[in-house]
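Just so it is clear, none of the values below were taken in a lab; they were calculated from the coordinates. Keep in mind the model is a prediction, meaning the values are calculated, not measured. FYI the Cβ positions are ideal-geometry reconstructions off the backbone, even for glycines, and counts take in every protein chain you see.
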């Protein structure tokens, strides 16, 4: 197995332990369970959408939990009796758990279930205190919030 060594970066970069741990964890072979299938879409500068294909699940069968930097989606089908005998079962009826690591300041804005698709909208909101500010020399007050190239593009 080829594994990337992050040791030189860990020596010189302080506070990035969580990032390196995530990269190393994702490099390990996973269980291969790709159920349910999903898409991740970028819908704007600070907007994202996760879409999961979960045919047959009802809102009561789903549990969506957003923690700091983690989104966990669980589905558990309730047993329902059938009048007949299945000759072929091709629609997945098993429970699942999907985890998504979220960047700092990303929060869930909305979740909706329609036509067998669970759509979760995410938005990144950087607090004012975390945005870069221009500092005047000589102890004067902060002059203005520095506009990044992305901010200027959004304003146009």
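Once you order the gyration tensor axes a ≥ b ≥ c over the Cα atoms, which shape class does the stretch 62-114 get: rounded for a/c under 1.5, otherwise prolate or oblate by comparing a/b with b/c? Prolate.
Spacing of the modelled spin labels on residue 39 and residue 133, each 7 Å from Cα toward Cβ, amounts to 4.2 nm. Taking each residue as 0.36 nm, the span from residue 121 to residue 46 lengthens on full extension beyond its C-alpha to C-alpha distance by 25.9 nm. Measuring r between the beta carbons of residue 94 and residue 60 and using R0 = 25 Å, the FRET efficiency lands at 0.90.
Footprinting exposure proxy ranking of 4, 38, fewest other C-beta atoms within 10 angstrom first, gives 4, 38. Fully extending the segment from residue 19 to residue 113, taken as 0.36 nm per residue of separation minus the present Cα-Cα distance, adds 30.7 nm.
Given their separation in residues at 0.36 nm each and the Cα-Cα distance between them, residue 101 and residue 69 gain 11.0 nm when the chain is fully extended.
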